[in-house]
Every structure is written in C-alpha cells, then in structure tokens.
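Right, one structure below, let's go through it.
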Amino acid sequence: MVSVNTVTGKVDSTQLGCTLVHEHLLLHSDSVAVQFPHLYDDESNFLKAVEQVKAVKNQGVHTICDPTVMGIGRDIRFMERVAYETEMKIIAATGIYSYNDIPPIFQNRDINYLADVFIRDIEVGIQNTSIKAGFLKCTADAAGITEDLDKVFRAIARAQKVTGVPIMTHSHPESGNGLKQMDIFEDEGVDPKFIMIGHCGDTDNIDYITQILKRGAFIGMDRYGQAPLPYEKRNTTLIELIKKGFANRMFLSQDYCCSFDWFPPEHEFFKTYPKWSMTFLLDEVVPQLLNTGVTEEQVRTMMYDNVRCWFEGTYELPTINRVIKEPNSI
C-alpha cells in the first residue's frame with residue numbers, strides 16, 4: 001500500500017478501485033490556448049468532461065488517470081474542478097508531450113534540471129498550486145527518440161527514482177520504439193514494475209509486445225475506439241496475451257479526449273471513430289471479451305488490481321487485500 005496523489009488529495013493505493021488508466025479530460029495546444037483563448041469555450045469543455053466522467057462513474061469506475069502534460073494543454077485547475085463536480089478520483093501527470101523537440105529552456109540545460117521540474121510537480125505542486133502529480137508521462141512516436149526526447153525520458157527516469165511514482169509512455173509500436181524506451185529506462189536503473197509502455201494495443205504483433213512484457217513492464221491496451229486497429233483486432237491480441245499469462249500486466253483504456261482541438265468537429269477523424277468515448281470500453285468491449293472466454297476475474301485484474309500494482313511497484317497482490325466487488329461495478 002502506498003499513498004497516491006489525486007487532484008483532490010492523497011488516497012491509499014487500495015482505494016483506487018476500477019480505473020481507466022489513460023483518458024483526457026481536456027486536450028488542446030498549449031501555446032494556442034494561451035495566446036488565443038477566444039478560440040476555446042471553457043464552460044462547454046467543462047460540461048463535456050463532467051458528462052463523460054459521470055457516465056463512467058455510473059458504470060462503476062472509481063479512478064481516472066489523466067496523462068495530459070505540457071504540450072497538450074494540462075490545466076490542473078480544470079481537472080480539480082471536474083473532480084469536485086463528479087466526485088471522481090482523478091490522478092494528474094507530469095512530463096512533456098512531444099514527438100520531436102522541447103523548448104530551448106530545457107534544451108540548453110541538463111537532464112537533472114528537467115528532472116527537478118518533474119519532481120517539483122510531484123512533491124510541491126503543479127502550476128504554482130498545491131495539487132500534486134501522481135505519475136510521470138513521456139512520449140515518442142514515428143520520429144523515434146530524438147536527442148531532445150532522450151533527455152526527457154532520462155529526466156522522467158530520474159524523477160521516478162527520487163519520487164517513487166510510476167511512469168506511463170506514449171509509444172509507437174509500428175517502429176518498435178517501446179523497446180527503445182525500455183533501453184533508456186534500464187540504462188537509468190528504473191525498476192520495470194513502475195513502467196507502463198502505452199499504446200501497445202495499436203499492433204497485433206504478439207512477438208513485439210511479448211518482448212516488452214518479458215523485460216518486466218506493464219503495457220497499455222489503451223486506445224479502444226480509435227486508430228489504428230478496430231476493437232475486434234485489439235481483443236484478439238488481448239486474448240492471446242491473456243492466454244500467455246499476462247492479464248496481470250495489462251491495462252484497458254481508450255485514450256479518449258473529452259475536448260480535442262487537433263481537428264475541427266466536422267473532420268473525418270470523428271466520422272471514422274463514431275463510437276470513441278469514455279464509456280465505449282465498458283459499453284461494448286468488456287461484454288465482448290466476456291462473451292469470448294475472458295473471465296470476470298481477468299477483467300478485474302486488468303481494471304482493478306493492475307493499477308494498484310503499478311503504483312506500488314509489484315506484479316501480484318495478496319489475496320486477502322483484493323478489492324471486494326461493489327454494486328454497479330465490474
């Protein structure tokens with residue numbers, strides 16, 4: 001058992017319950033939102049987030065991890081407001097979201113300077129508040145791990161070793177960079193039980209995913225409802241990994257964005273993924289998994305137990321400490 005920072009205060013890891021480990025309450029371009037705030041409707045964004053969060057709360061979800069960090073519009077007061085309105089446990093992240101470079105202030109200073117920035121978010125507070133981050137987030141996509149991103153990953157690793165909070169990554173399975181992310185974390189001496197390599201469900205390459213799992217990390221099967229694979233193919237991969245004994249190392253989520261400024265509302269993206277929502281996983285995916293032989297216990301492992309293990313840095317929970325099934329829960 002460890003204490004976990006949520007946006008409304010600390011909770012015991014035993015109290016996290018059913019968790020969506022990768023969802024965004026608000027996602028927008030940092031610089032645009034600051035320089036041209038008239039382009040955004042804060043109240044509308046708030047209402048959209050509250051609607052989605054209340055919907056999954058009614059499905060039995062207790063906790064949401066929101067990995068919105070610098071680069072995609074982290075607004076800690078917005079998260080706090082949603083948490084109080086919905087009475088949902090929301091865990092914020094610290095880190096940097098970039099596929100290529102980072103601001104000159106970090107380019108021209110050393111890794112430890114950046115690590116200290118992340119540590120402050122965890123130990124003191126985010127954006128000059130007392131609201132503390134509960135986990136670390138870093139990203140690498142098709143461009144690979146650039147020189148700047150290598151600095152971020154190493155700073156994230158060093159912050160983890162100081163604070164003990166877990167790490168979540170954005171990876172790009174097609175280029176295999178989840179393995180390169182593990183190389184950096186191993187080089188920095190991070191315990192793999194605190195690492196989640198995200199978006200592994202974006203591929204059906206079992207061999208690639210298994211290589212990551214064999215190196216000790218958790219993985220995110222965390223993009224249900226969107227690109228690049230339909231959920232049926234994601235389920236096939238998930239079931240195969242469960243058969244291999246990895247239910248205790250996987251997370252289910254959707255990477256849903258309640259408000260999302262990358263595309264206009266009429267964009268083809270939203271037409272291509274009409275079911276993408278914060279409730280899709282529990283509305284359709286989990287029932288389909290149960291219908292194809294996945295057990296309720298295995299679903300509970302992925303949605304209840306694994307988040308606690310990730311925060312505690314372990315793979316297994318003592319039987320006596322398992323969460324008892326609650327009404328209206330999975």
Quiz item: In the stretch 205-216, is there at least one residue being under 30 Å from His28 (Cβ atoms), open to solvent by less than 10 Å² (accessible area, probe 1.4 Å) and not aromatic (Phe, Trp, Tyr)?
Solution: no
Self-check item: Every residue from the stretch 278-296 that is free of Cβ contacts under 8 Å to residues at least 12 places away in the same chain and either more than 25 Å from Met88 (Cβ to Cβ) or not in a helix (DSSP H, G or I) (or both)
Solution: Asn291, Thr295
Quiz item: Between residues in the stretch 157-176 that are in contact (Cβ under 8 Å) with a residue 60 or more places away in the chain and crowded, with 24+ Cβ neighbours inside 10 Å and residues that are in a helix (DSSP H, G or I) and not charged (D, E, K, R), which pairs lie under 6 Å by C-beta distance while being six or more apart or on different chains?
Solution: Ala159/Ala115; Ala159/Phe118; Ala159/Ile119; Val165/Ile122; Pro166/Phe194; Pro166/Trp310; Pro166/Phe311
Self-check item: Members of the stretch 1-57 found to be under 26 Å from Pro265 (Cα atoms), more than 17 Å from the chain's Cα centre (by Cα) and small (Gly, Ala, Ser), listed by number
Solution: Ser29, Ser31, Ala33, Ser44, Ala55
Quiz item: Applying the selection to the stretch 80-124, what residues are basic (Lys, Arg) and free of Cβ contacts under 8 Å to residues at least 40 places away in the same chain?
Solution: Arg81, Arg109, Arg120
Self-check item: Members of the stretch 80-112 that are surrounded by fewer than 19 Cβ atoms within 10 Å (Cβ to Cβ), farther than 27 Å from His172 by Cβ and among the hydroxyl-bearing types (Ser, Thr, Tyr)
Solution: Tyr84
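One line per residue, one yes/no per condition, for (1) more than 15 Å from Gly134 (Cα to Cα); (2) touching a residue at least 40 places away in the same chain (Cβ under 8 Å):
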{"position": "Ser3", "(1), (2)": "no, no"}
{"position": "Thr8", "(1), (2)": "no, yes"}
{"position": "Ser13", "(1), (2)": "no, yes"}
{"position": "Cys18", "(1), (2)": "yes, yes"}
{"position": "Leu25", "(1), (2)": "yes, yes"}
{"position": "Val32", "(1), (2)": "yes, yes"}
{"position": "Gln35", "(1), (2)": "yes, no"}
{"position": "Lys48", "(1), (2)": "yes, yes"}
Quiz item: What are the residues in the stretch 25-44 that are polar (S, T, N, Q) and closer than 26 Å to Ile122 by Cβ, if any?
Solution: Ser29, Ser31
Exercise. For the stretch 130-144, indicate whether the set of residues that are under 30 Å from Arg77 (Cβ atoms), out of contact with any Leu (no Cβ under 8 Å at 6 or more places or on another chain) and among the polar types (S, T, N, Q) is non-empty.
Key: yes
Practice problem: Residues being surrounded by fewer than 19 Cβ atoms within 10 Å (Cβ to Cβ) and either acidic (Asp, Glu) or on the phi > 0 side of the Ramachandran plot (or both): count how many of those fall in the stretch 261-318. | Solution: 11
Quiz prompt | Complete set of residues in the stretch 225-262 that are in contact with a Leu (Cβ under 7 Å, 6 or more places away or on another chain), in a helix (DSSP H, G or I) and at pLDDT below 95 | solution = none
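The values are calculated or read from the model by the stated rules, or taken from the named source; none is laboratory data. Because the structure is a prediction, the values reported are computed rather than measured. A quick note on method: Cβ atoms are made from the backbone with ideal geometry, for glycine too, and the neighbour counts reach across all protein chains shown. Surface areas here come from the heavy atoms of the whole protein model, side chains and all, with no ligands, DNA or RNA. Shrake-Rupley method; radii C 1.70, N 1.55, O 1.52, S 1.80 Å.
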